[in-house]
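Heads up: the structure comes next, in structure tokens.
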Amino acid sequence: MYDTTTAVLNAEQLKAIREWAKVHGRAWKAALRLAWESGDYDGIEPYGNTAAYLQQVRNTFGPSWLMRFILHEESGWTLLDRNGSTYQYLKMRVDLYRSQHPEATEAEAWDVIERR
């Protein structure tokens, strides 16, 4: 298992999670944990490689990560740390801001994100 503090959820994995959540509704996390335990991704075949990407998420992050993962309906996601903080979500936004504004220092990016 990778260090989940440094591993990054990629676009394909996030898309797979969104597709799974759409198919399974409000109980998507429980259904995903069951699929991870059984290896049965029934009902997701029409979505191509979704099952493979969901298995990657399990292998990379694990079930405890899933409990801390919050999928936002519109876009994006939040990963709570073990204390319930949203630090990783904010860090992701800081990194995104810096990729769009390469001249910004990390401290400047944090200032911008924390004001939003």
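The values are calculated or read from the model by the stated rules, or taken from the named source; none is laboratory data. These figures come from a predicted structure and were not determined experimentally. A quick note on method: Cβ atoms are made from the backbone with ideal geometry, for glycine too, and the neighbour counts reach across all protein chains shown.
Computed values, structure above
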{"item": "Residue satisfying all of: in segment 73-93; modelled with pLDDT of 70 or more and basic (K, R); surrounded by the fewest Cβ atoms within 10 Å (Cβ to Cβ) among these", "result": "K91"}
{"item": "Count of residues meeting criterion [modelled with pLDDT of 75 or more and assigned to a helix (DSSP H, G or I)] in segment 36-67", "result": "19"}
{"item": "Residue that is nearest to F69 (Cα to Cα) [pool: residues in segment 30-51 that are of a type outside the set (F, W, Y) and surrounded by 18 or more Cβ atoms within 10 Å (Cβ to Cβ)]", "result": "L32"}
{"item": "Flag for I70 being modelled with pLDDT of 90 or more and aliphatic (A, V, I, L, M)", "result": "no"}
{"item": "Exclusive hit being touching a residue at least 24 places away in the same chain (Cβ under 8 Å), of a type in the set (A, V, I, L, M) and over 25 Å from M92 (Cα atoms), set I17, I44", "result": "I44"}
